[in-house]
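The values are calculated or read from the model by the stated rules, or taken from the named source; none is laboratory data. What you see is a predicted model; the values in this text were computed from it and never measured. Backbone-built Cβ (ideal geometry, glycine too); neighbour counts: all protein chains shown.
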Amino acid sequence: MVKDSEILNVIIIGGGIAAHTAALYTARADLNPFVIAGYEPDQLSLTTIVENFPGFEHGINGPDLIENAKKQAQKFGAKYIQENADSFNITKSSDKKNDLFEIEAGGKKYVSRTVIICTGASARKLGIPGEDKFFGRGVSTCAVCDAALYKNKITIVVGGGDSAMEETLALYKFAKKVYLIHRRDEFRASKIMQDRILNLNKKNDKIKIIWDTEVLEILGDKTVKSVKIKNIKTNKISEIEADGFFLAIGHNPNTIIFKNKIKLDKEGYILTDKLSKTSITGVYAAGDVQDPVFKQAVTSAGAGCQAAIQAERYIEHLKAEDRY
């Protein structure tokens, strides 16, 4: 059992915009949130200019947005540690009236009445030379976020699912040319999404589909300049000039420690209701870890706010029932 004096009100797991927003709201509610931020950079910290977050007329650099949000939460009393959450377990309060949640991080155990999970999702990568070197300098995982930066430029999208079709359509509005590279001879995307791309491909040469091809290397100096590719049927190697390279091969939600403890969907995303509640009472989730659809900074921030308000209401409910 855990001593009442050792129990926190709120533990927030994650270091992205959802986590900082949840920390801000719970801190202002005088809940003294404890944030286990983790070591892996969040998606915004890996981007450059963010032009679609409300309130910044001229845009803001992704890392600056994250740092500002963190400082704002700290101003109201949120406490942070830079450790990875290694385990998640459910335990009991000393009087056994309600569940508590135990998180292990950095070799220490922390116990809380509520948990807000904001661990995000990591974009799948190809593991090729130049991919990490030019990430944020021509290599991106979000065309919806960055498409406007490539007006009248040449871009490449890699993938064959709905995400790849969406990324291509986003870039089509701005780029001079969009190459869509797929290692097979047909897409796996839904028919409606395929049709949109294939019809545009027929109508003009702004979109060019390159079938049966894999990417070998991303080349450049300070930014991306070209991409080396290989046709997997002929083994012919060639090079395409490009200013931007977009990975659209999916994301992996960071939910390993929650497997078999919280309900996940078939892709591993945490299932939540419209109120950010998970399958476990007192545990909430926000941001990319429970959102395989939108994956935007503003939706993640909104979900973080929502989860924080729910956590606050749950704690008030515990107090009202003399279970705090």
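Would you mention how many residues in region 162-215 are of a type in the set (Asp, Glu) and buried (at least 21 other Cβ atoms within 10 Å of the Cβ)?
Step one: filter region 162-215 for residues of a type in the set (Asp, Glu), giving 162, 166-167, 185-186, 195, 205, 212, 214.
Now narrow it down to the ones that are buried (at least 21 other Cβ atoms within 10 Å of the Cβ): 167.
Residues in region 162-215 being of a type in the set (Asp, Glu) and buried (at least 21 other Cβ atoms within 10 Å of the Cβ): 1 in total.
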Checklist outcome for this item: Restricted to region 264-314 and to residues being of a type in the set (A, V, I, L, M, F, W, C) and under 11 Å from the mean Cα position of the chain (by Cα), the residue farthest from Ala248 (Cα to Cα) is Ala286
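Please go through region 227-258 and give me each residue that is among the polar types (S, T, N, Q), outside any strand (DSSP E or B) and either crowded, with 19+ Cβ neighbours inside 10 Å or touching a Lys or Arg at 6+ places or on another chain (Cβ under 7 Å) (or both), ordered by number. First the steps, then the outcome.
Residues of region 227-258 among the polar types (S, T, N, Q): 231, 234-235, 238, 252, 254-255.
From what's left, outside any strand (DSSP E or B): 234-235, 254-255.
Those that are among the polar types (S, T, N, Q), outside any strand (DSSP E or B) and either crowded, with 19+ Cβ neighbours inside 10 Å or touching a Lys or Arg at 6+ places or on another chain (Cβ under 7 Å) (or both): Asn254, Thr255.
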Checklist entry - Which numbered condition trips up Thr234, out of (1) in contact with a Gly (Cβ under 8 Å, 6 or more places away or on another chain); (2) over 24 Å from Glu166 (Cα atoms)? => result (1)
Item to check | Residue list for region 149-161, restricted to those being surrounded by 20 or more Cβ atoms within 10 Å (Cβ to Cβ), over 11 Å from Asp243 (Cβ atoms) and out of contact with any helix residue (DSSP H, G or I) (no Cβ under 8 Å at 6 or more places or on another chain) | outcome: Gly160
Item to check | Conditions (1) under 22 Å from Val224 (Cα atoms); (2) assigned to a loop (DSSP other than H, G, I, E, B); (3) not charged (D, E, K, R): number failed by Gly77 | outcome: (1)
Next on the checklist: So, in region 212-226, exactly how many residues are over 13 Å from Gly130 (Cβ atoms) and in a strand (DSSP E or B)?
Outcome noted: 2
Checklist outcome for this item: Picking from Ile49, Ile90, Ile12, the residue that is in contact with a strand residue (DSSP E or B) (Cβ under 8 Å, 6 or more places away or on another chain), surrounded by fewer than 21 Cβ atoms within 10 Å (Cβ to Cβ), within 24 Å of Cys142 (Cβ to Cβ) and in contact (Cβ under 8 Å) with a residue 40 or more places away in the chain would be Ile49
Item to check | Per-region count, region 259-294, residues within 10 Å of Ile117 (Cα to Cα) and part of a strand (DSSP E or B) | outcome: 4
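Can you find, within region 93-105, the residue that is surrounded by the fewest Cβ atoms within 10 Å (Cβ to Cβ) among those that are not in a strand (DSSP E or B) and either not charged (D, E, K, R) or not assigned by TED's automatic domain parsing to the domain that holds Lys263 (or both)?
Ser94
For Ile66, indicate whether it is surrounded by 24 or more Cβ atoms within 10 Å (Cβ to Cβ), free of Cβ contacts under 8 Å to residues at least 60 places away in the same chain and under 30 Å from Lys151 (Cα atoms). First the steps, then the outcome.
Working: surrounded by 24 or more Cβ atoms within 10 Å (Cβ to Cβ): yes; free of Cβ contacts under 8 Å to residues at least 60 places away in the same chain: yes; under 30 Å from Lys151 (Cα atoms): yes.
Against the criterion (surrounded by 24 or more Cβ atoms within 10 Å (Cβ to Cβ), free of Cβ contacts under 8 Å to residues at least 60 places away in the same chain and under 30 Å from Lys151 (Cα atoms)), Ile66 qualifies.
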Checklist entry - With (1) at pLDDT 90 or above; (2) buried (at least 23 other Cβ atoms within 10 Å of the Cβ) as the list, and Asp146 as the residue in question, which single condition is left unmet? => result (1)
Checklist entry - Only one of these conditions is not met by Thr21: (1) part of a helix (DSSP H, G or I); (2) of a type in the set (Val, Ile, Thr); (3) in contact with a strand residue (DSSP E or B) (Cβ under 6 Å, 6 or more places away or on another chain). Which number is it? => result (3)
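Looking only at region 8-45, which residues are polar (S, T, N, Q) and under 16 Å from the mean Cα position of the chain (by Cα)? Even if it seems obvious, please write down each step before you answer.
Here is the first cut: in region 8-45, the ones polar (S, T, N, Q) are 9, 21, 26, 32, 43, 45.
Thr21, Gln43, Ser45, listed by residue number.
Given the criterion within 30 Å of Leu31 (Cα to Cα), assigned by TED's automatic domain parsing to the domain that holds Ala22 and touching a strand residue (DSSP E or B) at 6+ places or on another chain (Cβ under 6 Å), identify the matching residue among Ala285, Ala297. Break it down into steps so the answer makes sense when it comes.
Details: Ala297 fails: touching a strand residue (DSSP E or B) at 6+ places or on another chain (Cβ under 6 Å).
Only one candidate passes the filter, namely Ala285.
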Checklist entry - Where residues in region 125-143 are surrounded by 15 or more Cβ atoms within 10 Å (Cβ to Cβ) and among the small types (Gly, Ala, Ser), which of them is farthest from the chain's Cα centre (by Cα)? => result Gly130
